[in-house]
Amino acid sequence: MLIESQDSNPEAILIGDPLDGSNNPKGTRLGDSLQDITGVVTQTFGNYVTLPLTALNVTGSAQPALPPPTTLVSGGSCRKLSVGSYNVENLSPKSSHLTKIAAHIVDYLKTPDLVFLQEIQDNNGATNDNGKGLSCFFECA
(Lines give C-alpha, C1' and ligand atoms only; values in the text may rest on other atoms or scores of the structure.)
Protein backbone atom coordinates (compact mmCIF):
# COMPACT_ATOMS: atom_id res chain seq x y z
CA MET A 1 0.00 0.00 0.00
CA LEU A 2 1.58 3.28 -1.06
CA ILE A 3 0.57 6.84 -0.38
CA GLU A 4 1.19 8.92 -3.47
CA SER A 5 1.03 12.67 -4.02
CA GLN A 6 -2.32 12.34 -5.84
CA ASP A 7 -3.81 9.65 -3.53
CA SER A 8 -3.55 10.26 0.21
CA ASN A 9 -6.16 7.58 0.96
CA PRO A 10 -5.02 4.36 -0.74
CA GLU A 11 -7.11 1.24 -0.64
CA ALA A 12 -6.23 -1.37 1.95
CA ILE A 13 -6.26 -5.12 1.52
CA LEU A 14 -7.13 -7.03 4.68
CA ILE A 15 -5.65 -10.45 5.37
CA GLY A 16 -8.06 -13.16 6.50
CA ASP A 17 -7.72 -16.62 7.98
CA PRO A 18 -5.56 -19.12 6.06
CA LEU A 19 -7.45 -21.53 3.83
CA ASP A 20 -5.47 -24.55 5.09
CA GLY A 21 -7.05 -24.23 8.57
CA SER A 22 -3.89 -22.99 10.29
CA ASN A 23 -3.80 -19.77 12.33
CA ASN A 24 -2.06 -16.50 11.55
CA PRO A 25 0.42 -15.39 14.23
CA LYS A 26 -1.09 -13.42 17.10
CA GLY A 27 0.14 -9.91 17.82
CA THR A 28 0.77 -8.77 14.25
CA ARG A 29 0.41 -5.02 13.87
CA LEU A 30 0.01 -2.42 11.19
CA GLY A 31 3.48 -1.80 9.77
CA ASP A 32 4.80 -5.36 10.21
CA SER A 33 6.67 -6.84 7.25
CA LEU A 34 5.35 -10.12 5.87
CA GLN A 35 6.75 -12.82 3.63
CA ASP A 36 5.08 -12.97 0.20
CA ILE A 37 1.45 -14.08 0.46
CA THR A 38 -0.25 -16.43 -1.99
CA GLY A 39 -4.00 -16.67 -1.70
CA VAL A 40 -7.44 -15.78 -2.97
CA VAL A 41 -8.59 -12.15 -3.13
CA THR A 42 -12.24 -11.57 -2.33
CA GLN A 43 -14.40 -8.72 -1.12
CA THR A 44 -16.45 -8.51 2.06
CA PHE A 45 -18.29 -5.58 3.66
CA GLY A 46 -16.78 -3.25 1.05
CA ASN A 47 -13.18 -4.29 1.81
CA TYR A 48 -10.73 -6.31 -0.25
CA VAL A 49 -9.62 -9.40 1.69
CA THR A 50 -6.82 -11.82 0.86
CA LEU A 51 -7.37 -15.36 2.16
CA PRO A 52 -3.83 -16.79 2.27
CA LEU A 53 -3.27 -20.45 1.42
CA THR A 54 -1.08 -20.87 4.55
CA ALA A 55 -0.36 -18.92 7.74
CA LEU A 56 1.48 -15.61 7.52
CA ASN A 57 5.19 -15.38 8.20
CA VAL A 58 6.19 -12.09 9.89
CA THR A 59 9.69 -11.05 8.80
CA GLY A 60 9.94 -7.76 10.73
CA SER A 61 8.02 -5.49 13.08
CA ALA A 62 7.52 -1.77 12.98
CA GLN A 63 9.57 0.15 15.55
CA PRO A 64 8.83 1.59 18.00
CA ALA A 65 6.12 -0.87 19.06
CA LEU A 66 3.97 2.01 20.37
CA PRO A 67 3.79 5.57 19.07
CA PRO A 68 5.12 8.23 21.42
CA PRO A 69 2.67 9.70 23.93
CA THR A 70 0.64 12.67 22.74
CA THR A 71 1.82 16.17 23.46
CA LEU A 72 -1.75 17.52 23.36
CA VAL A 73 -3.29 18.25 26.75
CA SER A 74 -6.60 19.56 28.04
CA GLY A 75 -7.20 23.24 28.55
CA GLY A 76 -9.17 22.38 31.68
CA SER A 77 -12.49 23.81 30.48
CA CYS A 78 -15.24 23.17 27.95
CA ARG A 79 -13.62 25.82 25.70
CA LYS A 80 -10.57 23.65 25.19
CA LEU A 81 -11.42 19.96 25.47
CA SER A 82 -9.10 17.11 24.67
CA VAL A 83 -10.63 14.01 23.10
CA GLY A 84 -9.26 10.48 22.90
CA SER A 85 -10.36 7.21 21.34
CA TYR A 86 -9.37 3.77 22.60
CA ASN A 87 -10.26 0.20 21.61
CA VAL A 88 -10.65 -1.70 24.91
CA GLU A 89 -10.86 -5.09 23.14
CA ASN A 90 -14.10 -6.57 24.53
CA LEU A 91 -13.74 -5.05 27.98
CA SER A 92 -16.06 -6.73 30.47
CA PRO A 93 -16.29 -6.84 34.28
CA LYS A 94 -14.04 -9.93 34.19
CA SER A 95 -11.34 -8.42 31.95
CA SER A 96 -7.77 -8.71 33.20
CA HIS A 97 -6.40 -5.89 31.03
CA LEU A 98 -8.23 -2.95 32.65
CA THR A 99 -5.10 -1.71 34.47
CA LYS A 100 -3.15 -1.68 31.18
CA ILE A 101 -5.94 0.26 29.45
CA ALA A 102 -6.07 2.83 32.26
CA ALA A 103 -2.28 3.28 32.10
CA HIS A 104 -2.41 3.85 28.32
CA ILE A 105 -5.19 6.42 28.67
CA VAL A 106 -3.23 8.28 31.37
CA ASP A 107 0.32 7.89 29.99
CA TYR A 108 -0.21 7.96 26.21
CA LEU A 109 -3.43 9.92 25.74
CA LYS A 110 -2.59 12.25 28.68
CA THR A 111 -5.99 11.85 30.39
CA PRO A 112 -8.30 13.44 27.81
CA ASP A 113 -11.51 15.15 28.90
CA LEU A 114 -13.58 12.82 26.69
CA VAL A 115 -12.64 9.24 25.87
CA PHE A 116 -14.54 7.27 23.25
CA LEU A 117 -14.30 3.55 23.95
CA GLN A 118 -14.73 0.81 21.37
CA GLU A 119 -15.64 -2.81 22.15
CA ILE A 120 -16.91 -2.27 25.68
CA GLN A 121 -19.38 -4.78 27.05
CA ASP A 122 -22.05 -4.15 29.67
CA ASN A 123 -22.00 -5.66 33.17
CA ASN A 124 -23.23 -8.99 31.74
CA GLY A 125 -20.22 -9.35 29.46
CA ALA A 126 -20.96 -11.22 26.24
CA THR A 127 -24.53 -12.11 27.28
CA ASN A 128 -26.93 -10.64 24.71
CA ASP A 129 -29.72 -9.03 26.78
CA ASN A 130 -30.22 -5.87 24.69
CA GLY A 131 -27.78 -3.77 26.70
CA LYS A 132 -29.51 -3.95 30.08
CA GLY A 133 -27.07 -2.82 32.73
CA LEU A 134 -25.10 -0.35 30.60
CA SER A 135 -25.14 3.26 31.73
CA CYS A 136 -23.13 6.34 30.77
CA PHE A 137 -23.05 9.95 31.83
CA PHE A 138 -21.35 13.17 30.73
CA GLU A 139 -20.70 16.29 32.73
CA CYS A 140 -18.78 19.39 31.80
CA ALA A 141 -18.27 22.40 34.02
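The values are calculated or read from the model by the stated rules, or taken from the named source; none is laboratory data. All values derive from a computational prediction rather than experimental measurement. Glycine also receives a Cβ, built like all others from the backbone with ideal geometry; neighbour counts cover every protein chain displayed.
Is there any pair linking a residue in segment 1-30 that is at negative phi and assigned to a loop (DSSP other than H, G, I, E, B) to one that is among the β-branched types (Val, Ile, Thr) and modelled with pLDDT under 80, with Cβ under 9 Å and at least six apart or on different chains, and which?
As it stands, the answer is Asn9/Ile3; Pro10/Ile3, since those pairs meet every condition given.
Of everything in segment 93-120, what is assigned to a loop (DSSP other than H, G, I, E, B) and either under 27 Å from Thr70 (Cα atoms) or touching a helix residue (DSSP H, G or I) at 6+ places or on another chain (Cβ under 9 Å) (or both)? Give them in sequence order.
As a first pass, look at segment 93-120 and keep what is assigned to a loop (DSSP other than H, G, I, E, B): 93-97, 108-113.
Across segment 93-120, the qualifying residues are Ser95, Ser96, His97, Tyr108, Leu109, Lys110, Thr111, Pro112, Asp113.
Taking the condition of a type in the set (Phe, Trp, Tyr) and out of contact with any helix residue (DSSP H, G or I) (no Cβ under 7 Å at 6 or more places or on another chain), does Tyr48 pass? Walk me through it before giving the result.
Values: of a type in the set (Phe, Trp, Tyr): yes; out of contact with any helix residue (DSSP H, G or I) (no Cβ under 7 Å at 6 or more places or on another chain): yes.
Taking the combined requirement at face value, the residue satisfies it.
Is segment 46-57 home to any residue that is in a strand (DSSP E or B), farther than 30 Å from Asp107 by Cβ and of a type in the set (A, V, I, L, M, F, W, C)?
Restricting attention to segment 46-57, the residues satisfying the condition of being in a strand (DSSP E or B) are 47-52.
Keeping just the survivors that are farther than 30 Å from Asp107 by Cβ gives 47-52.
After this cut, where a residue has to be of a type in the set (A, V, I, L, M, F, W, C) as well, the list is 49, 51.
Yes: segment 46-57 contains one or more residues that are in a strand (DSSP E or B), farther than 30 Å from Asp107 by Cβ and of a type in the set (A, V, I, L, M, F, W, C).
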